[in-house]
Amino acid sequence: MRGMIMSTESQTFTEKFDLLGCIQCGRCTGGCPVTVRTNLNVRRFVYDAYSEEKLEELAKLAEIWDCTACHTCAVRCPKGLKPLEVLIGLRSMLVDSGKVQSTVRNALESVYLEGNPWEKPKATRYDWMEGLDVKLAKPDTPVENLFFVCCTIAYDPRLQVVAKNMVRLLNKAGADYGFMAEGESCCGSEIHTLGEELLFEEIVGENTAFLNDFQARRVITLSPHCFATYKARYPHLNKPVLHYTQLLAELLQQGNLSWGHDLQKKVVFHDPCYLGKQSGVYDEPRRLLKSIKGVELVEFDRSRERSLCCEGGGGKMWVESESKKERLAETRIKDAHNLGAQIVAVACPFCVLTLEDAMKALGYEEEMRVAEMTELLAELA
Amino acid sequence: MGNVFVLAEHRQGALRDITFEMLRVAPNVAKELGGEVNVLLLGYNAEAMAERIAGYGVKVLVVDDPLFENFNADKYQQALSKLIDTCKPSLVMVGQTAQGVDMAPALAVEKNLPFVSDIIGLTVEDGTLKATRQIYSGKVNAQIAFKPADTYLVTVRESAFEAPDASVAGLVEKIDSPIKEDLDYRKFVEYIEAEVGDVDITQSEILVGIGRGLKEEKNLPVVQELAKAIKADLCGSRAAVDAGWLPHDRQVGTSGKAVKPKLYLALGISGAFQHIAGIKGAKTVVAINKDPEAPIFAVAHYAIVDDLFKIAPKLAEKLKELKG
Amino acid sequence: MKIFVCIKYVPDTSEAVVKVNAEGTAVDSSRFSFDINDADNYAVEESVQIKEKYTGTVTVLSIGPKESEVMIRMAMAKGCDNAVRVEDARIAAFDPLLLAKVLAGAIKGQEFDLVLTGCMAADDGQMATGVALAEELGVAHAAMVKKVEILEGKVKAYRELEGGLMEVVEVALPAVLTIQTGINEPRYAPIRGIREAQKKELKVVGLDDLGVAAGDVDASASRIVVEKLYLPEVVSSAEFIEGEPEQKAEKLASILVKGGLV
């Protein structure tokens with residue numbers, strides 16, 4: 001049975017999201033990337049949500065599902081508020097009423113029943129390991145780097161390569177690591193942003209207990225979404241959490257990793273929102289790319305904390321925007337194309353899906369490629 | 001042993017194919033069981049339908065009565081119940097259709113008949129009647145033996161058997177209606193035709209799915225023509241919807257709809273995991289894509305590696321020919 | 001309205017690799033995910049919607065293992081009031097007519113207006129239990145219902161026929177309706193609701209508690225024997241059609257027509 005965790009029911013919406021702290025400056029909406037596509041005006045929501053009577057009405061507005069939880073609004077807010085959380089709070093109201101669209105329902109139920117949002121059986125989570133020489137972690141055996149594989153990487157055949165390549169790189173570097181072959185379950189990143197607050201609470205409790213049980217020095221995540229979530233929303237986790245680019249940069253610096261080939265290409269790195277503006281990791285992926293002989297690393301105009309969101313987060317894998325306007329991922333790929341980049345390097349599974357899709361939609365397949373960092377590195381190692 | 005009863009299925013004055021499909025297996029089983037095939041037709045003004053069935057070289061027992069103008073599961077059950085008592089057939093075959101499933105299980109309970117539903121095979125081995133049916137979304141076959149009984153009941157999956165060709169003329173025999181009165185606890189009210197233009201792809205039997213491979217909106221007629229030839233509804237991947245080729249409610253996948261057609265024809269769809277998740281309910285998947293590495297082929301039952309523009313028009317043409 | 005809704009805990013095998021043991025007697029289900037049967041999920045939603053409109057109670061009824069309680073709690077989180085789970089190893093679960101007998105044993109002796117259940121279970125695909133249950137209970141029924149209207153003493157049921165045609169029938173109450181998918185939009189069972197549902201009654205009973213004689217519903221009572229399970233020859237690997245474009249199209253057309261797929 002799942003543990004019962006009581007949430008802080010007594011707080012009002014206004015208190016919970018510190019709505020009175022808002023000065024209505026509009027920097028949030030001014031920076032919100034989805035405003036070019038949709039009617040979402042997050043400042044307006046923060047303003048309207050003062051009035052508790054209005055909440056139910058606000059929760060019915062389709063725009064609350066347009067937010068990608070990129071955190072640009074939070075980064076820009078001069079008062080240190082997180083305007084996006086207001087939208088998530090409104091989603092929570094809808095989730096608690098049960099009246100969410102079927103795609104969201106299926107993702108949430110799948111996490112509750114199977115520990116992943118992709119409606120896949122728990123038991124097949126580790127199938128990606130087949131045929132690989134992968135070291136497994138056991139709770140009672142000390143290990144330096146305990147790996148946590150994201151659900152999307154574990155199940156999506158397009159992305160399983162991320163985990164597989166990671167194993168190859170780790171074996172090559174002779175690193176002390178272990179992957180989990182049972183008990184691994186969704187980090188809850190997207191569950192939180194889809195608004196299933198109580199399920200997220202349960203997940204946090206279960207994963208904390210599960211991960212704390214391992215005698216590992218630190219946890220390494222493959223997806224920035226798991227990374228940001230563990231860092232920011234797991235207060236009782238007893239070990240530090242790293243994104244894999246940080247570990248690889250470390251292995252590189254220690255001289256345990258090197259590249260056997262060079263790569264004569266123009267490469268641009270796309271900062272994933274959950275890695276960059278939410279977690280402050282900007283340099284390690286760039287350091288890795290610069291270490292490859294032949295690589296000409298170029299930068300987007302909108303890079304680092306100003307990076308343009310690909311619209312893969314915030315539960316958007318299960319909610320389609322009605323907007324017919326150009327997807328942000330397409331804008332991003334066009335920008336990369338204009339830079340003359342031959343490779344768009346990314347370090348997030350959702351960014352791979354959205355950007356690769358955009359690249360194909362734009363017909364740039366012959367000229368450029370979207371590559372997950374591990375794909376590039378494993379090819380060169 | 002008695003005869004094999006095949007229940008003719010008709011709707012709005014027309015026989016349904018399942019009636020003839022059952023005639024593919026009924027004669028052999030009847031022979032093994034030592035009887036002959038009788039097709040039971042419960043209808044009203046049913047002469048033409050009866051004659052057509054008789055053309056397959058079988059005896060047709062016709063109840064021609066206003067009580068049977070439209071299907072009513074309870075009236076059918078009562079009629080069959082009485083005819084089983086009087087004619088003692090060794091086997092009753094009914095379609096696994098919206099009509100059949102509404103009646104057969106109740107009849108089985110009422111008459112305590114050994115019953116197997118949705119069969120795709122039926123044989124007699126050493127005097128034992130055996131049926132084949134599928135479980136786990138068609139991934140496992142089950143061979144089922146009937147315990148000895150005077151009368152067995154099966155429902156037969158649609159399209160599991162190919163209808164035989166019409167042969168010599170058989171007999172049409174009119175029999176009195178086994179039931180005399182209308183029922184008060186179940187009444188037929190009306191038929192309502194499916195609304196045109198308001199397609200719910202989650203309910204479509206045949207779907208033609210399009211993806212990025214269509215390239216441009218002006219290519220739509222190519223796939224529309226094919227869809228028309230097989231009475232399919234059009235749906236598509238996120239890319240096809242994004243491109244504005246199809247409305248949002250036609251999108252299949254994790255951020256769109258989950259569909260469960262009998263046939264899913266994927267044209268120029270590469271098969272992202274998120275799209276494939278939406279077609280896992282499809283019984284048969286046919287994929288046409290020029291990329292031999294396209295993931296859609298991993299879930300396809302039939303595959304063609306080629307340009308959809310070379311295949312689709314020819315396919316539409318051939319299908320029209322074959323379907324007449 | 002007093003409503004029973006019968007639901008089943010089934011594996012999702014649509015994408016799974018299915019293996020049969022060497023004896024051909026069992027399928028290895030260790031790698032499957034299980035959940036409420038799809039059509040039953042719509043039946044739960046429909047029963048809750050009817051209750052919300054006309055007031056009353058909804059009782060969940062299910063034959064299944066302890067693990068299925070998660071599904072039952074989710075149904076209660078959506079608005080069902082209480083539940084009965086029948087578990088008894090003697091029940092011949094392969095025979096829908098006997099399952100109907102067990103379900104009838106759990107309902108008989110209680111007043112009810114409606115029994116709803118899915119029109120088909122995704123695992124064995126019989127489409128038989130609901131209609132057999134109506135016969136066992138001696139009440140009217142309609143199968144594959146895509147729309148329900150409650151009238152005075154009767155229900156107007158819209159049955160979905162092949163090709164999207166609707167057959168509208170009126171059946172007297174009490175009645176059993178087997179529900180077709182797509183009749184409604186099943187709601188989400190939020191964790192808040194699941195927690196609250198822990199307080200609702202979930203009775204676990206065996207055949208003896210129901211007063212159903214084991215000899216009436218065990219394998220000896222079944223009129224059929226499942227002799228063997230086996231994998232059909234072609235499972236999921238695609239048949240690649242080769243040749244010039246024209247030949248490919250021709251071959252495919254022929255496969256589609258002969259296979260009754262179009």
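Values in this text are rule-based calculations from the coordinates and carry no lab data. Just so it is clear, the model here is predicted, and its values are computed rather than measured. Virtual Cβ from ideal backbone geometry, glycine too; neighbours counted across all protein chains shown.
A compact table of results
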| item | result |
| --- | --- |
| Principal-axis tilt of helix B:308-323 within chain B, Cα atoms, nearest 10 degrees | 20 |
| Relative contact order (%) - criterion: Cα under 8 Å, at least six apart; region: segment C:37-174 | 20 |
| For chain C, built as a Gaussian network whose Cα springs stay under 10 Å, the top-fluctuating residue of C:GLY56, C:GLY64, C:GLY109 | C:GLY109 |
| Loop GluC sites (Glu not before Pro), segment A:329-381, which have at most 12 other Cβ atoms in a 10 Å radius of their Cβ (DSSP) | A:GLU365, A:GLU366, A:GLU367 |
| Pairs beyond 31 Å (Cα-Cα), from B:LYS111/C:LYS203; A:LYS290/B:LYS290; A:LYS231/C:LYS203; B:LYS59/B:LYS130; B:LYS257/C:LYS108; B:LYS75/B:LYS323 | B:LYS111/C:LYS203; A:LYS290/B:LYS290; A:LYS231/C:LYS203; B:LYS257/C:LYS108; B:LYS75/B:LYS323 |
| Ranked A:CYS309, A:CYS25, criterion: other C-beta atoms within 10 Å, fewest first | A:CYS25, A:CYS309 |
| Under DSSP loop assignment and at most 15 Cβ neighbours within 10 Å, longest GluC sites (Glu not before Pro)-free interval of chain B | B:70-161 |
| Gyration tensor (alpha-carbon) shape descriptor, segment A:13-97, a/c threshold 1.5 | oblate |
| Relative contact order of chain A, defined on C-alpha pairs under 8 angstrom at six or more residues apart (%) | 17 |
| FRET efficiency, 1/(1 + (r/R0)^6) with R0 56 Å, evaluated for A:GLU305 and A:ASP140 via beta carbons | 0.85 |
| Alpha-carbon spread of segment A:115-251, three principal axes, descending order, Å | 41, 31, 27 |
| Cβ-based exposure ranking for A:THR141, B:THR284, in which fewest neighbours within 10 Å come first | A:THR141, B:THR284 |
| Sorted largest first, extent of segment C:113-160 alpha carbons per principal axis (Å) | 36, 23, 12 |
| Spherically averaged projected area of segment A:1-142 from its Cα convex hull (nm²) | 13.1 |
| Orientation-averaged projected area, Cα convex hull of chain A (nm²) | 18.5 |
| Rg to Rh, two decimals, where segment B:150-220 supplies the alpha carbon set and Rh follows Kirkwood | 1.14 |
| Cα-based shape type of segment B:41-100, given that a ≥ b ≥ c are square roots of the gyration tensor eigenvalues and the cut on a/c is 1.5 | rounded |
| Neighbour-limited loop hits for trypsin sites (Lys or Arg not before Pro), segment C:105-201 (at most 11 other Cβ within 10 Å; DSSP other than H, G, I, E, B) | C:LYS199 |
| Average projected area [Cα convex hull, segment B:1-52], square nanometres | 3.5 |
| Percent of beta bridges antiparallel (DSSP, the protein assembly as shown, rounded to nearest 5) | 30 |
| Overall dimensions of chain C by Cα: Rg and Dmax, Å | 20.5, 68 |
| Neighbour cut-off at most 10 other Cβ (10 Å), DSSP loop, GluC sites (Glu not before Pro), segment C:13-99 | C:GLU23 |
| Percent of alpha-carbon pairs separated by more than 26 Å within segment B:4-174 | 21 |
| Cα-projected label distance for C:GLU87 with B:LYS262, points at 7 Å along beta-carbon direction, nm | 4.1 |
| Once the Cα gyration tensor of chain B is diagonalised, semi-axes √(5λ) in Å | 42, 21, 19 |
| Under the Debye formula (equal points on every Cα, no solvent term), log10 I(q)/I(0) of segment B:115-191 at q = 0.23 Å⁻¹ | -1.03 |
| For the protein assembly as shown: Kirkwood Rh in Å [reciprocal of mean 1/r, alpha carbons] | 30.4 |
| Selected from C:TYR230, C:TYR42, C:TYR158 as most flexible by GNM, with chain C as the system and alpha-carbon contacts under 10 Å | C:TYR230 |
| Extension gain (nm, one decimal) between A:HIS236 and A:ASP133, 0.36 nm per residue minus Cα-Cα | 33.8 nm |
| Relative contact order [Cα under 8 Å, 6+ residues apart], chain B, whole percent | 14 |
| Segment B:209-324: proportion of alpha-carbon pairs further apart than 21 angstrom, % | 28 |
| Amide proton proximity set for B:HIS10, modelled H, under 5 Å, gap of 5+ | B:ARG16 |
| Dimensions (Å) - segment C:180-262, Cα atoms, principal axes, largest first | 66, 44, 23 |
| Choice from B:VAL25, B:VAL286, B:VAL189 with maximal GNM fluctuation in chain B (Cα, 10 Å cutoff) | B:VAL189 |
